[in-house]
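Step one of this worksheet: look at the structure below.
The values are calculated or read from the model by the stated rules, or taken from the named source; none is laboratory data. This one's a predicted model, so the numbers in the text were calculated from it and none came from an experiment. Here the Cβ positions follow ideal geometry from the backbone for every residue, glycine too, while neighbour counts run over all protein chains shown.
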């Protein structure tokens, strides 16, 4: 059962091959057995069984939708009413959210069953899931390696088939990079496509929620439920949501694929480069045309990101002050002491680094040189992409410079860690949609292929990615012990 | 050394919206603590702001009323600092691109008109309240007020005396209430004033160092605080000292300003555009719509009253002091079918007198405009005399009856029947030969006696005009 | 761009962030490294380029002025570290 896709499980439930209760119990057992992966922060066993029962009633009445009764995991960044929502941090270790994120509401309404809250890098800041207050998550392909981050728990859970699908969030690559490291499919939609209400903010103009699944088809099913205008989110875009499954099967003959010259410069591991080349060959066989494009300002993505994201997060995290919720230090002497010690004791080092950089970048005398400059370069990067899209339909390239690295390998040098996102970050700066799909293995570790689409062109993106999954089977592979 | 005072005022007016600027919680005053603070107001993880349409409208209305530029494109910015009554650790305000630009307000001090510039007005959210007493050395935080929309109105440093500052503040206070964008209740904190005060030697171009006096909540205190501050600064400068740029508080009990002892140096607010909000676009069509709906402003109304109702400055000012007063008066005029003069004298005289005595506002007047109009109508058409009308007015004040009902019930109709009056006059003349003798011999005062007698005989109902005319005729 | 321990201390204070004395130098080093990385931005000319705050071009949506939220104080205050008589309690501000 656990090795079936969401689409298959939905059919199985509809045909009464099994019930949601059985399915849910099955996954819950697997989760318990796979405890050592540390993918979950909270397992909502009781609630899951209640939801499964309710789902079964809908199924029996033939009132089931594509996600009714399907067990999923929610990244612990989404507020879930009356359920602990930690965001991977000691600061929110005692936080039981009093409301549901819009994304959570939508899955509830779609009848999905929530198995629990998935581990993540603290406040979504990280590329390896090693900054979590709850300890690192292990990559199911090799437990000495990281699953990637910040949606490491989500990626691991899907790869180890502990959930049928999971939600993640992506600010600089946090869906795509772990998807690549864990050999699964991960989609970051266009900025504004999915509501951010109830999604704990890291960098408001970059954050976006998306599905992490075994297949592209499943990602389309989940995106269908997640996408849509939300009046509670001012940055949510009021654009109609198309039927994402409708054009999955479309022929891609004549598709123009752009290959970013700058992506194949130094820094990319040879084996990863080879796998990406092989994937491109598959696309040639499917009738696509590949052309080289240049995005000259792309190399500045990392510096730009490491000004904008910390600046926005430094303000977004000011609300964690020990006054109305969350961690408060013991016996504060006075107000300042309460602030300083509560925040000092409850935030991890990476979070502190980013708050400090962000505060610095916004401070008097530095605002123009750092923050404004970064926003200007951001526009140049976006313009580069816009120009490229007047020439090609989609852009392809690697997701990560290498396969999953070892736990503890990059923790001593934060900047080295930052470079894991070198291929993914520019996409967030521009607000474009992008997907990571499994494209092979190097040294028994998964390698991902990244496909970047134009604004609100998720349908085309999913179509192009799906066609690859029809002629390859990387996405069907999973670590042996989790089969 | 002659000193010149330079004053600029920053006024925070709470906009009279039903819900908060960025959330759907109520803005009603006086609710139990934290019962009007929703998830967005409390700054819970993951919540997001959405802008209140009415707050934008009200800001535009204000801007148009002071003939200011309305920014077609304005941006909300985060003002970052830590304080327990500021839940998110930043206030959503406007910095580089405010919604309202340069405008002006005309004031009058001692009959001299002056134009005071308004630099800008912008939208922002209010913070909560801190209660420092009663919690055993702790401070209690009430976030009901957090998120209430504020319009921060910044004046140019154009005022040169406390009197001018008070005049500006009063004018602004009247304007925002006229426009119905703020209830102006200073006790409840709906209208708050910060004064920036500095002095410089007369003739000097550069401004002196200023001190900011925060949160003054009455016209009287503004005047006193500024006067004290000016004295204080001159004193320091004349003794060779320097003015420290700082924030001060006015202590009403001691009538002095005090420095707010702060551990930190000037705050670095690290303003940057709020990424959770998009730029506010004010379309030309909205501006036209609002322009068309803009109520007649106090200045224009006062001038019109002077022209239309032949009123002098003082009377027109009094009757246009508030929208309610002006509307009441005009409703009376519309319904009373008589000379405006009569309405004016009754509204400013009898009615206001009664309201003042009982401590009521015009909007609480026991006699509605239409009812008063009915009374004035009967004076104008001679049904009753002015004197009798006063009696009727008393009756109307106590109950709900209109003038006609009371006149009928008490039989107060004026006697205008010349025949009847003549008969009474003849009788009184006949009955009082001695007085007739006196009058004819030149004692003019005795005329009053006869008038009195006629009035007594008719229970005051005889038309005084007729009585006078006839008596004069008969006593020749 | 090299940040000193003193720089780190003042920035940490602005952000009300407690940093252990023994870690200050490490933070200074890491932050300086990040600033060096960021320096690369100066290699490109951005004269006349408009800063990009959002990927979306749309204007701010306006909400109708209606009261849609109601009293949930007791439920919300279950999350608070310290409350009394409906108020959130904090150590006194030193004025």
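Values computed for the structure shown
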quantity: Pick from the range A:343-361, criterion free of Cβ contacts under 8 Å to residues at least 60 places away in the same chain and more than 7 Å from chain C (Cβ to nearest Cβ), ranking: nearest to residue C:92 (Cα to Cα); calculated: A:358
quantity: Flag for residue C:91 being at the interface with chain A (Cβ under 7 Å from one of its Cβ atoms) and farther than 30 Å from residue B:27 by Cβ; calculated: no
quantity: Residue within the range C:73-87 that is at the interface with chain A (Cβ under 7 Å from one of its Cβ atoms), under 20 Å from residue B:148 (Cβ atoms) and not in a loop (DSSP other than H, G, I, E, B) present; calculated: yes
quantity: Exclusive hit being assigned to a strand (DSSP E or B) and more than 14 Å from chain B (Cβ to nearest Cβ), set A:292, A:330; calculated: A:292
quantity: Of all residues making up the range A:362-382, the number that are within 23 Å of residue A:415 (Cβ to Cβ), at the interface with chain C (Cβ under 8 Å from one of its Cβ atoms) and in contact (Cβ under 8 Å) with a residue 12 or more places away in the chain; calculated: 7
quantity: Filter pass, residue B:287 being in a helix (DSSP H, G or I) and either within 14 Å of another protein chain (Cβ to nearest Cβ) or in contact (Cβ under 8 Å) with a residue 12 or more places away in the chain (or both); calculated: yes
quantity: Qualifying residues in the range C:1-39 (those that are surrounded by 13 or more Cβ atoms within 10 Å (Cβ to Cβ) and not in a helix (DSSP H, G or I)) - the one farthest from the other protein chains (Cβ to nearest Cβ); calculated: C:1
quantity: Among (1) more than 29 Å from residue B:34 (Cα to Cα); (2) buried (at least 21 other Cβ atoms within 10 Å of the Cβ); (3) modelled with pLDDT of 95 or more - the single one residue B:154 does not satisfy; calculated: (2)
quantity: Residue in the range B:98-106 that is modelled with pLDDT of 95 or more and within 13 Å of chain A (Cβ to nearest Cβ) present; calculated: no
quantity: Matching option when the condition is in contact with a helix residue (DSSP H, G or I) (Cβ under 9 Å, 6 or more places away or on another chain) and more than 10 Å from chain A (Cβ to nearest Cβ), among B:75, B:109, B:154; calculated: B:109
quantity: Elements of type strands (runs of 3 or more DSSP E) contained in the range A:181-283, each with 2 or more residues being at pLDDT 95 or above and within 14 Å of chain B (Cβ to nearest Cβ); calculated: A:208-213
quantity: Exclusive hit being over 24 Å from residue A:453 (Cα atoms), modelled with pLDDT of 95 or more and in contact with a helix residue (DSSP H, G or I) (Cβ under 8 Å, 6 or more places away or on another chain), set A:384, A:321, A:393; calculated: A:321
quantity: Lone unmet requirement of (1) in contact with a helix residue (DSSP H, G or I) (Cβ under 9 Å, 6 or more places away or on another chain); (2) under 25 Å from residue C:18 (Cα atoms); (3) more than 14 Å from every other protein chain (Cβ to nearest Cβ); (4) modelled with pLDDT of 95 or more for residue A:127; calculated: (4)
quantity: Top-ranked residue in the range A:70-96 [being more than 21 Å from the chain's Cα centre (by Cα), touching a residue at least 60 places away in the same chain (Cβ under 8 Å) and part of a loop (DSSP other than H, G, I, E, B); ranked as surrounded by the fewest Cβ atoms within 10 Å (Cβ to Cβ)]; calculated: A:94
quantity: Meets criteria (within 14 Å of chain C (Cβ to nearest Cβ), under 27 Å from residue A:320 (Cβ atoms), in contact with a strand residue (DSSP E or B) (Cβ under 9 Å, 6 or more places away or on another chain) and part of a loop (DSSP other than H, G, I, E, B)) for residue A:173; calculated: no
quantity: Selected residue (criterion: modelled with the lowest pLDDT) from residues of the range C:42-71 that are at negative phi and more than 7 Å from every other protein chain (Cβ to nearest Cβ); calculated: C:57
quantity: Lone qualifier among A:148, A:153 - being within 18 Å of the chain's Cα centre (by Cα), away from chain B (no Cβ under 14 Å) and either on the phi > 0 side of the Ramachandran plot or without any contact (Cβ under 8 Å) to a residue 60 or more places away in the chain (or both); calculated: A:148
quantity: Candidate set: the range B:43-55, residues that are crowded, with 24+ Cβ neighbours inside 10 Å and under 15 Å from residue B:14 (Cα atoms); chosen: the one nearest to the chain's Cα centre (by Cα); calculated: B:55
quantity: Qualifying residue in the range B:179-190 (condition: touching a residue at least 60 places away in the same chain (Cβ under 8 Å) and within 14 Å of another protein chain (Cβ to nearest Cβ)); calculated: yes
quantity: Matching entry among B:312, B:251 (being at pLDDT below 95 and touching a strand residue (DSSP E or B) at 6+ places or on another chain (Cβ under 7 Å)); calculated: B:251
quantity: Any pair with Cβ under 6 angstrom, 6 or more apart, that starts in the range A:159-175 at a residue that is crowded, with 24+ Cβ neighbours inside 10 Å and ends at one that is at pLDDT below 95 and not in a strand (DSSP E or B); calculated: A:160/A:482; A:172/A:421; A:173/A:421
quantity: Selection status of residue A:306, facing another protein chain (nearest Cβ under 8 Å), under 23 Å from residue A:417 (Cα atoms) and buried (at least 21 other Cβ atoms within 10 Å of the Cβ); calculated: yes
quantity: Index of the failed condition, residue A:324 passing every other in (1) more than 10 Å from chain C (Cβ to nearest Cβ); (2) touching a strand residue (DSSP E or B) at 6+ places or on another chain (Cβ under 8 Å); calculated: (1)
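Results for (1) under 19 Å from the mean Cα position of the chain (by Cα); (2) assigned to a helix (DSSP H, G or I); (3) more than 14 Å from every other protein chain (Cβ to nearest Cβ), shown as yes or no for each residue.
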position: B:276; (1), (2), (3): no, no, no
position: B:296; (1), (2), (3): yes, no, yes
position: B:301; (1), (2), (3): yes, yes, yes
position: B:318; (1), (2), (3): yes, yes, yes
position: B:344; (1), (2), (3): no, yes, yes
position: B:354; (1), (2), (3): no, yes, yes
